[in-house]
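Novice: Got a structure for you, questions after.
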Amino acid sequence: MDKFENRLQEKFKVAAIQFCPNEEKEENLRLISRFIDTAVENDADIVVLPEMFNCCGHGEVMIENAEHIPGYTTNFLSDIARRFKICIVCGSIFEKFQKGKVFNTSVIVGRSGEILARYSKIHLFDVDILNKIRYKESDHVAAGNKLVTANMGQFDAGLAICYDLRFCELFRVLTLKGAKIFFIPAAFTAATGKYHWEPLIKARAIENQVFIVAANQIGTSLNNITCYGKSMIVDPWGRVLAKAKDNENIIYAEIDFGLLDTIRAEMPLFKHRRTDLY
């Protein structure tokens, strides 16, 4: 067992990157590379990116920029992960599926550059309110059909993307499958984020006694959707370990699974579940 694996077994440092991507893929990747350089300089072992980090804007442009996995963007990040010997949660990108449709897919890249897991968003954000707003993610995105935990060597991580955060069943099932930490790339809107973002993250952390790392976009993209920012890292007791300011930046926190074990021992929620009734 090498030094990195020992650190992941005990304590390790996670970073969440918050920024506003545009439709220029190369520009976004250059910016992400600089962010990751900074995270590595600050001793991050795992770096988490936001949803649609490599291209975000008008739907048709994003579909044109969809990729296979592995492909250009994941290979780019695999090289970085291999060079720095870190894990990267590659936010999400549009993955090629069929004509006119893509998957919204998150990938975890290991420190040797290998793909540890991939998850396609299962809950699509469709809103159609008369005379107010119409946004249907399903117009161009196909829903995934698999729940995913990633074996990170010494622990399992759960994967979810943005709107998935509202569905508590997903988090409970993945926790029962062994997830101790959740990585949530997001482009959570300002309109709902003001009221729902932090309460939902804390609720998912508290009710499942897990760590949550949520990397959100910030600012208004070319599709005129304004994202809330406030990327957060929350512990299993619901305490906010780090919260991003209202700009492009990186947040950091130490993850200590000893704390998780203590919380679960002192408040044994899973032993008290009435599985005979529900």
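The values are calculated or read from the model by the stated rules, or taken from the named source; none is laboratory data. This is a predicted model, so every value here is computed, not measured. Every residue, glycine as well, gets a Cβ built from its backbone with ideal geometry; the counts of neighbours run over all protein chains shown.
Novice: Name the strands (runs of 3 or more DSSP E) wholly inside region 127-181 in which the number of residues that are among the small types (Gly, Ala, Ser) is 3 or more.
Specialist: none
Novice: Name the residue that is surrounded by the most Cβ atoms within 10 Å (Cβ to Cβ), counting only residues in region 1-44 that are modelled with pLDDT under 95 and not in a helix (DSSP H, G or I).
Specialist: My answer is 11.
Novice: Further question on the same structure: Could you check region 74-99 and list, in sequence order, the residues that are surrounded by fewer than 24 Cβ atoms within 10 Å (Cβ to Cβ) and touching a helix residue (DSSP H, G or I) at 6+ places or on another chain (Cβ under 7 Å)?
Specialist: Answer for region 74-99, where residues must be surrounded by fewer than 24 Cβ atoms within 10 Å (Cβ to Cβ) and touching a helix residue (DSSP H, G or I) at 6+ places or on another chain (Cβ under 7 Å): 76, 80, 84, 85, 86.
Novice: Yes or no: residue 47 touching a strand residue (DSSP E or B) at 6+ places or on another chain (Cβ under 6 Å) and modelled with pLDDT of 95 or more?
Specialist: For residue 47, the condition - touching a strand residue (DSSP E or B) at 6+ places or on another chain (Cβ under 6 Å) and modelled with pLDDT of 95 or more - is met.
Novice: Between a residue in region 140-167 that is at positive phi and any residue that is crowded, with 18+ Cβ neighbours inside 10 Å and of a type in the set (Asp, Glu), which pairs come within a Cβ distance under 9 Å, given they are 6 or more apart or on different chains?
Specialist: Close Cβ pairs (under 9 Å, with a partner that is crowded, with 18+ Cβ neighbours inside 10 Å and of a type in the set (Asp, Glu)) amount to 162/51.
Novice: Which count do you get for residues in region 195-241 that are surrounded by fewer than 19 Cβ atoms within 10 Å (Cβ to Cβ) and in a strand (DSSP E or B)?
Specialist: Within region 195-241, residues that are surrounded by fewer than 19 Cβ atoms within 10 Å (Cβ to Cβ) and in a strand (DSSP E or B) number 5.
Novice: Applying the selection to region 189-214, what residues are touching a Leu at 6+ places or on another chain (Cβ under 6 Å) and touching a residue at least 40 places away in the same chain (Cβ under 8 Å)?
Specialist: Within region 189-214, no residue meets the criteria.
Novice: Here is a further query. Is it true that some residue in region 149-163 is closer than 18 Å to residue 91 by Cβ, in contact with a strand residue (DSSP E or B) (Cβ under 7 Å, 6 or more places away or on another chain) and acidic (Asp, Glu)?
Specialist: No: zero hits.
Novice: If you scan region 104-126, which residues turn out to be part of a loop (DSSP other than H, G, I, E, B) and of a type in the set (A, V, I, L, M)?
Specialist: Of everything in region 104-126, those that are part of a loop (DSSP other than H, G, I, E, B) and of a type in the set (A, V, I, L, M) turn out to be 122, 124.
Novice: Scan region 50-73 residue by residue and report those that are in contact with a strand residue (DSSP E or B) (Cβ under 6 Å, 6 or more places away or on another chain) and surrounded by fewer than 16 Cβ atoms within 10 Å (Cβ to Cβ).
Specialist: 68
Novice: Against the definition (without any contact (Cβ under 8 Å) to a residue 60 or more places away in the chain, part of a strand (DSSP E or B) and of a type in the set (Asp, Glu)), how does residue 95 come out, yes or no?
Specialist: In short, yes.
Novice: Now a separate question. For residue 160, all conditions in the list (1) surrounded by 19 or more Cβ atoms within 10 Å (Cβ to Cβ); (2) small (Gly, Ala, Ser); (3) under 25 Å from residue 266 (Cβ atoms) hold save one; what is the number of the exception?
Specialist: Answer for residue 160: the failing condition is (3).
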